[in-house]
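Just below is one structure, and these are the notes that go with it.
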Amino acid sequence: MGKVILEVRELSTKYVTRFGENVYAVDRVSLKVEEGKSLGIAGESGCGKSTLALSLMGYYFAPLHYISGDIIIDGQNISKMHPDEVRRKILGKEIAYIPQAAMNALNPTLKIINFIEDVIHAHDPKVPKKEIHDMARQRFEELGLPAEVLQKYPVELSGGMKQRTVIATSVILSPKVLIADEPSSALDVTSQKMVIKMLKDMMEKGLVKAMIFITHELPLLYNVTDDIMVMYAGQIVEQGTAQQVVFDPLHPYSKGLMGSIIVPESGVRDVKLTAIPGAPPNLKRPPQGCRFADRCKYVQAECRVQSIYMREAANNRAYRCIFPEEQLRKVYQNE
Amino acid sequence: MIHTLRQVFRSGKFVTGFVIFVSLLLIVLIYPLLVPDDPLAIIGLGTFFPPGIYVNVYDSVNVSPYTLNLPDATTKRIADKLGPKERQDMKEFLLAAGIPEEEIDIEDTAKLLDLWEKNYDPNKNIEGMTLAKMRYYQRLNNSLKGLLATEGLIVALPNAQTGQLEQVKVIEQSDYANINEVPNVRVLPLGTDNFGRDVLTELVKAAGVSLQIGFVAGLIATLIGLVLGLLAGYLGGMVDDIIMFFTNLLIVIPSFVLLILISFSIGQDKRGAITIATVIGFTSWVWTARAVRAQVLSLRNRDHVNLSRLSGHSTVYIILNDILPYIMSYVVMALILQISSGILAEAGLSILGLGPRTTEVPTLGLMMNWAMIYQAHVLGKWWAYLPVLVTIALITFSMNLMNTGLDQVFNPALRE
Amino acid sequence: MSKSYLRYFLNKLAWLLVTAVFAFILNFTLPRLMPGDPVAAITARIAQGMSNTTGMKEVYERYAEQFGTNKPIHEQFLIYMKNILQGNFGTSFSQYPRPVADIIRASIVWTIALQFPAIIVGWIIGNALGAMAAYLKKGFDKVLMPISIFVSNFPAFGMAIILMVIFAVNLKWFPTSGGYGYNLIPNFSWEFIWSVIVHYQLPFWSIVLIIIGGQAIGMRSMSIYELNADYVKYARFLGIKDRVIVRYVFRNAMLPQITGLALSIGTMVSGALVAEIVFSYPGLGYTMLNGVMGQDYPLISAVTLIITIMTLIANFLIEILYGIIDPRIKAAQAEEQGG
């Protein structure tokens, strides 16, 4: 087992709406990412995966609020730190973020290089401009981006170029952990491939030590990440290696989710495509029992009453269900 | 549709605006039923009678009096003529006339009046005293005469034969007339204007006419803007280029200037309220056209529109069924804004003296114009202009609130 | 000046010329569209206003010649353009025999000195307040927004009258009308300058107040929109200080406000003209009122034309400035060139 770079323990966060209602979007999430590994997070839209990405940064601003839990990056617990200390010492340096809609992630009226200056000065105001320019040029070239990009405004860049610029900017301070929230979903196929290759290269070169990759495109996740976690209604419902989760899902929700996609890999092709009926519960008042109960084919009376906890399974896997592994497998086989 | 309406009425801002607006509308509709007077009838002989209840003096003398012994009646009567300011002024005069300060006690009414009677000389010219001040003292002196008298007033009529005055009745100081028994009482809640017209009645009528002007102007402007916007946005190409060229031209040329030029060219005697409304409508459609076009452009290539086009529907059918319903909320918002700006435009024109001709109907702008020409604001006759301003502000404010409310319902991004 | 910016500049300059020509055409045609012989109609109106009978005949002849009604319409337009380009706006009816150009020269300075600073100050204060409302939210926003909505819907003359009643009539801090004391002759004495300053305040602030309301509302929505933009979140997660982010946001929210200023300058000027009228401020608005009162056609025609041209120039200048500060303009131009 490698060195754990990112560890999250029982992290809970919530949204506060403008009517003062709480939406419990991330509920007691725990995870671990080892050095050199990448973790994928999958789920339907609205399941809380993007909120989890934001929550992992350890820096909260309205409408997102921290409730409890710990985020430990390379042995340093950032949940107990003062927000300004997090901003200065952690953000960008230890953990960095690639946003969902990278098209608009750059300030349209600021040249890329000026933005990078601001980023670096936010952590150390004394770095001379010359040094920043050299550093930025070097980093951009290293990642296969032309240095001229630095002198341009975001509007002058194409979509794919913009996204790659965002990625390069995110890792300008060589963060240990990179959190990518749907980094390629808005792009055309060619740009998508370039972005994915860039992310893989960065991991290989050790520019970032660990990565969390969030997407609703499961095939992509399977190709990019080592491990996968499935999220449903703010909770982790299953975790395991990419292979395990995609080809041998245990949780009924994961099962349904994998059934609802086409993975062009051998073995999956014959599986019939299904959609999961129903909608996720309202997270303003999360149900007491299993959150998937209303949509679950195998629901039992007690599912709705008692809290369901993560259950360990063979091969380092875990899932959140009332049934033991063997029983689930039996049920699936009988279908 | 019903769902949308329910959502709209859940917006606090919209409801506030709506309630204000509907109340105004109801007043405009109901008031004339209760007070059917001609709003432009000149009833007052003189300008700017203050608000109040006007009791006919002749009638009140002729009703049979009731005797009420109220202890503070005398005090009130004196205080009305001899307030703190008058006492101070009297003291000033007496000091100037050479009376030592310690002898003057302005609190002691009897003594003060006594001193005044002995020392006041209407012809005395005190140094630095203006003519106006001298007149003021003369008026004050007249009003003080008989202030402390306790006997009543005698009403006398000339004898038909001898021509001599004969006492008809005596009005005692303790005589009261019951206002319900006085046949002629007129309430003027907002007094009269410079022409002697009842401001409230006039104002209600003016608000009605101004709303009409706003509606006509708003409807015309919205209709033109909508049609041009739809054509430009949907047809595109040359049509779009031509329409947008003129729209952009008219956007930079101040519409108020155009209004002035057109209004002046029409001439005073041809300018009716509806003519003005039409002119306003024809000069203020540009923003609507631009906005509608932008909306249509974003709709033009939506799937449902393409589908409709592929199904062989005509352009008119597509515009009416697949585009118009989607921009309706927007058009309603534009209409509300146009109505309110139409009312403001009329007011602005009237202030310049280019409003509707003055003989037929009042409008809010004309009332404002009259009040200003007769210097009501400088003379402190607030009832002639302030209610008008408040009415204009309430109308535009309520419409804008409705608009903001609608905007928040239809553009959730602004909900903060 | 870069090539793309030069292109933008020339584009805007061409547009200025086109709009100016259009303004001339409107100014020329509108009065002629009215039924009847314009000269007869106009001189009939002068008959009520003129006191000088010997002057009247002369005016009629001069006016008929100037209007050139007996000539074909395109020739009439040429005469009109020639006169205007020579600065010849004819002779005033109401202040006969003073040339209109002379009257306008005397009042235009007052209008520019009043409106230009007032619009700028109102725009700056309004935007600052709107930005603060968006950023601070809570109480400040709750108080400022209803007031702004109310104020921006208040008619311009209403604001002027209320300020006048409070500060000039009741408190007597400022005079009620005029551009300087009526007992003074314009000169460079301290007394005169002080009088000008005192007379300046109320018209100035009433224009400023009216503009603040609308600008604050616009800036608030723009800022809220920008504060929720993706780049704000991204910049925060890279550890950039809120202070720097607020600078980004307000700069970006401000840019559309500048375009907004260009587009609404006509409305602002109209409101300001009415404020001038309320205070009998000796600018173009008051001149126009006098023109209307005196049925002075040449004066009104000239004043409306001058106001339009001034607005067009202001609009042009703002667009030019905007092109300098918004990089997106340059990019758009470069793209156009490339594609």
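Laid out as a table, the results:
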{"quantity": "Some residue of the stretch C:247-268 being crowded, with 24+ Cβ neighbours inside 10 Å, among the aromatic types (Phe, Trp, Tyr) and more than 9 Å from every other protein chain (Cβ to nearest Cβ)", "calculated": "no"}
{"quantity": "All positions within the stretch B:1-17 that are aromatic (Phe, Trp, Tyr) and more than 14 Å from B:ASN411 (Cβ to Cβ)", "calculated": "B:PHE9"}
{"quantity": "Residue in the stretch B:21-38 that is at pLDDT below 90, outside any helix (DSSP H, G or I) and more than 27 Å from B:ASN194 (Cβ to Cβ) present", "calculated": "no"}
{"quantity": "Neighbours by Cβ (under 7 Å, 6+ apart or cross-chain): first from the stretch B:3-27, in the same structural domain as B:VAL409 (by TED's automatic domain parsing); second β-branched (Val, Ile, Thr)", "calculated": "B:GLN7/B:VAL409; B:VAL8/B:VAL409; B:PHE9/B:VAL15; B:SER11/B:VAL409; B:LYS13/B:THR404; B:PHE14/B:VAL8; B:LEU24/B:ILE395; B:ILE27/B:VAL204"}
{"quantity": "Given (1) in contact (Cβ under 8 Å) with a residue 40 or more places away in the chain; (2) more than 10 Å from every other protein chain (Cβ to nearest Cβ); (3) not aromatic (Phe, Trp, Tyr), number of the condition A:GLN100 does not satisfy", "calculated": "(2)"}
{"quantity": "From the options B:ARG302, B:ARG271, residue that is over 26 Å from C:GLU319 (Cβ atoms), charged (D, E, K, R) and away from chain C (no Cβ under 14 Å)", "calculated": "B:ARG302"}
{"quantity": "Residue in the stretch B:108-121 that is touching a strand residue (DSSP E or B) at 6+ places or on another chain (Cβ under 9 Å), hydrophobic (A, V, I, L, M, F, W, C) and farther than 19 Å from B:SER60 by Cα present", "calculated": "no"}
{"quantity": "Single unsatisfied condition, B:LEU249 versus (1) assigned to a loop (DSSP other than H, G, I, E, B); (2) without any contact (Cβ under 8 Å) to a residue 60 or more places away in the chain", "calculated": "(1)"}
{"quantity": "Odd one out for C:ASN228 among (1) buried (at least 20 other Cβ atoms within 10 Å of the Cβ); (2) at the interface with chain B (Cβ under 10 Å from one of its Cβ atoms)", "calculated": "(1)"}
{"quantity": "Test set (1) more than 9 Å from every other protein chain (Cβ to nearest Cβ); (2) without any contact (Cβ under 8 Å) to a residue 24 or more places away in the chain; (3) within 30 Å of C:THR304 (Cβ to Cβ) - C:ARG243 fails condition number", "calculated": "(3)"}
{"quantity": "Qualifying positions in the stretch B:336-376 - buried (at least 24 other Cβ atoms within 10 Å of the Cβ), within 12 Å of chain C (Cβ to nearest Cβ) and outside any helix (DSSP H, G or I)", "calculated": "B:LEU352, B:LEU354, B:GLY355"}
{"quantity": "From the options A:ALA102, A:ALA62, A:ALA96, residue that is modelled with pLDDT under 85, buried (at least 22 other Cβ atoms within 10 Å of the Cβ) and aliphatic (A, V, I, L, M)", "calculated": "A:ALA102"}
{"quantity": "Residue match in the stretch C:97-107 (condition: within 14 Å of chain B (Cβ to nearest Cβ), buried (at least 23 other Cβ atoms within 10 Å of the Cβ) and not hydroxyl-bearing (Ser, Thr, Tyr))", "calculated": "no"}
{"quantity": "Residue within the stretch A:82-93 that is more than 8 Å from chain C (Cβ to nearest Cβ), closer than 23 Å to A:GLY160 by Cα, of a type in the set (A, V, I, L, M, F, W, C) and buried (at least 18 other Cβ atoms within 10 Å of the Cβ) present", "calculated": "no"}
{"quantity": "Hits in the stretch A:313-335 - residues which are surrounded by fewer than 14 Cβ atoms within 10 Å (Cβ to Cβ), touching a residue at least 40 places away in the same chain (Cβ under 8 Å) and in contact with a helix residue (DSSP H, G or I) (Cβ under 8 Å, 6 or more places away or on another chain)", "calculated": "A:ASN315"}
{"quantity": "The listed residue being loosely packed, with under 15 Cβ neighbours inside 10 Å, free of Cβ contacts under 8 Å to residues at least 12 places away in the same chain and within 23 Å of C:ALA106 (Cβ to Cβ), out of C:ASN187, C:ASN170", "calculated": "C:ASN187"}
{"quantity": "Elements of type helices (runs of 4 or more DSSP H) contained in the stretch A:149-245, each with 3 or more residues being at pLDDT 85 or above and touching a strand residue (DSSP E or B) at 6+ places or on another chain (Cβ under 7 Å)", "calculated": "A:159-170"}
{"quantity": "Inter-residue pairs, beta-carbon under 8 Å, first at the interface with chain B (Cβ under 10 Å from one of its Cβ atoms) and in the stretch C:9-33, second of a type in the set (Gly, Ala, Ser) and surrounded by 13 or more Cβ atoms within 10 Å (Cβ to Cβ), 6+ apart", "calculated": "C:ASN27/C:SER301; C:LEU30/B:SER265; C:PRO31/B:SER265; C:PRO31/C:SER301; C:LEU33/B:SER265"}
{"quantity": "Of all residues making up the stretch C:146-161, the number that are more than 7 Å from every other protein chain (Cβ to nearest Cβ) and either in contact (Cβ under 8 Å) with a residue 24 or more places away in the chain or not in a helix (DSSP H, G or I) (or both)", "calculated": "7"}
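The values are calculated or read from the model by the stated rules, or taken from the named source; none is laboratory data. Remember, it's a predicted structure, so these values are computed and weren't measured experimentally. Methodologically, a virtual Cβ is constructed for each residue, glycine included, from the backbone with ideal geometry; neighbour enumeration extends over all protein chains shown.
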